[in-house]
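**Student:** Handing you this structure, nothing more for now.
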């Protein structure tokens, strides 16, 4: 048998198989269920409201708050500098650059933690890093950061330090009685432009 | 070793070391299959020896089949594979210059180092010319900067622009390759040379 015939017998069936099967368009998930469960158990995804408040007050450029509630709710009230990516639109292409990046620290928040956690789980499954969840959500934020309760006089020094910090943060972030007022006015905080980050350089080759 | 280096499983230095080893192996295979002979390489233009066409086309087909099957089995994510971006003008102009150099010199860049390593003087001269070309390109970059970056098309795939799935395009390419191999073998008989 001639080499050419032998080659043809080998590669033509392979080509026919490829032509017959549907194209594999699925992205392989980066985490197994076990790995994800482990991360959920260790609660690594949570960032405490104090940390976030501190970063907002200090205008930390690394922080990127992401509001995963609906657009209406976002326009009604949002944290300073937050961008709106509703959970329903999470997989939309326009947000891929914002979610899959290694520069900023994305912090998802919703009213509770349910929707923020949904967003985190989905992005984590896709293998994206640097995504976190605001612990307690906006409800906890309102109760404890914006309207902190004075601890009882028998509390530890730590409690008082926490309270002092929260009160200071609350003033800086326009908390307390200002909250109701702010809730009615549309927040005119400039929405940061989502810059696409160039993909990591891949290996090139040639003759 | 693309995926290992990009995902930082191996360090940059290990990556370079592996490239060094693979490079030596590549050079050895090139040399042992006769690719260090400029007469053999130039034969593809005159029709008396089509081994270059056969080897590179077989290589392309093998890589294509491998990647598509790996993708089918879920072993490789084709979106992560680097595709050289297309700048149409420079691809055409560069192709013409490269082709002309190939016919005149009898080597392509890789095989010229292969030839030089076994002491072929024409290959060494070819390398000198190669470096002159590199220097001229670098020194005059401002002059052809516009042309170099013109007609950027991203990383298009032929299958996409034809509206075919990758699998269907694969079988089309296989048929084309087999046809070309057939023509190549016919040409080798027709333009046969006894010694080169």
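Values in this text are rule-based calculations from the coordinates and carry no lab data. It should be emphasised that the depicted structure is a prediction, and the values quoted were computed from it without experimental measurement. For neighbour counting, all protein chains shown are included, and Cβ atoms are generated from backbone atoms with ideal geometry for every residue, glycine included.
**Student:** I need B:147, B:124 ordered by Cβ neighbour count within 10 Å, fewest first.
**Tutor:** By the 10 Å Cβ count, ascending: B:147, B:124.
**Student:** Treating each Cα of region B:124-163 as an identical point scatterer and ignoring solvent, apply the Debye formula and state log10 I(q)/I(0) at q = 0.17 Å⁻¹.
**Tutor:** After summing over all Cα pairs, the log10 values are -0.66.
**Student:** Using the alpha carbons of region A:33-142, what is the convex hull volume per residue in cubic angstrom, as a whole number?
**Tutor:** Convex hull volume per residue, Cα atoms: 98 Å³.
**Student:** Short version: what are the Cα gyration tensor semi-axes of region B:84-156, square root of 5 times each eigenvalue, largest first, in whole Å?
**Tutor:** Equivalent ellipsoid of region B:84-156: 27, 14, 10 Å, largest first.
**Student:** Kindly provide the helix-only [θ] at 222 nm of the protein assembly as shown, computed as the sum of -39,500 (n - 2.57) over DSSP H runs of four or more divided by all residues, to the nearest 500 deg cm²/dmol?
**Tutor:** That calculation yields -17500 deg cm²/dmol at 222 nm.
**Student:** Give the distance, in whole Å, between the Cα centre of region B:6-62 and the Cα centre of region A:117-157.
**Tutor:** Spelled out, the Cα-based centre of one part sits 56 Å from the other.
**Student:** Let a ≥ b ≥ c be the square roots of the eigenvalues of the Cα gyration tensor of chain B; is it rounded (a/c under 1.5), or, if not, prolate (a/b larger than b/c) or oblate?
**Tutor:** Rounded.
**Student:** What is the mean number of Cβ atoms from other protein chains located within 10 Å of the Cβ atom of each residue in peptide B:166-172, rounded to a whole number? Write down the numbers at each step before the final one.
**Tutor:** Working: counts 4, 10, 5, 3, 7, 10, 2.
The shielding value for this peptide is 6.
**Student:** On to the next question. Two decimals is fine: what is log10 I(q)/I(0) at q = 0.17, 0.26 Å⁻¹ for region A:1-85, from a Debye sum with one equal scatterer on every Cα and no solvent?
**Tutor:** -0.95, -1.16
**Student:** How far is it, in nm, from the label point at residue B:191 to the one at residue A:6 when both lie 7 Å from their Cα along the line to the Cβ?
**Tutor:** 2.6 nm
**Student:** Arrange the following residues from fewest to most other Cβ atoms within 10 Å of their Cβ: B:141, B:82, B:48.
**Tutor:** B:141, B:82, B:48
**Student:** Take peptide A:5-17, look around each residue's Cβ out to 10 angstrom, count Cβ atoms belonging to other protein chains, and average those counts.
**Tutor:** Details: counts 1, 0, 7, 6, 0, 1, 11, 4, 2, 9, 15, 4, 7.
Average neighbour count from other chains, rounded to a whole number: 5.
**Student:** Given N residues in the protein assembly as shown, what is Rg(Cα) / (2.2 N^0.38 Å)? Walk me through the numbers on the way to the answer.
**Tutor:** Details: Rg = 30.5 Å, N = 403, 2.2 N^0.38 = 21.5 Å.
Normalised Rg, Cα atoms only: 1.42.
**Student:** Restricting the count to DSSP beta bridges whose residues both fall in the protein assembly as shown, what percent are antiparallel, rounded to a multiple of 5?
**Tutor:** For the protein assembly as shown, the DSSP antiparallel bridge percentage is about 15.
**Student:** Within 10 Å of each Cβ of B:107-114, how many other protein chain Cβ atoms are there on average?
**Tutor:** On the way: counts 0, 2, 2, 2, 1, 0, 0, 0.
Taking the mean over all residues of the peptide, I get 1.
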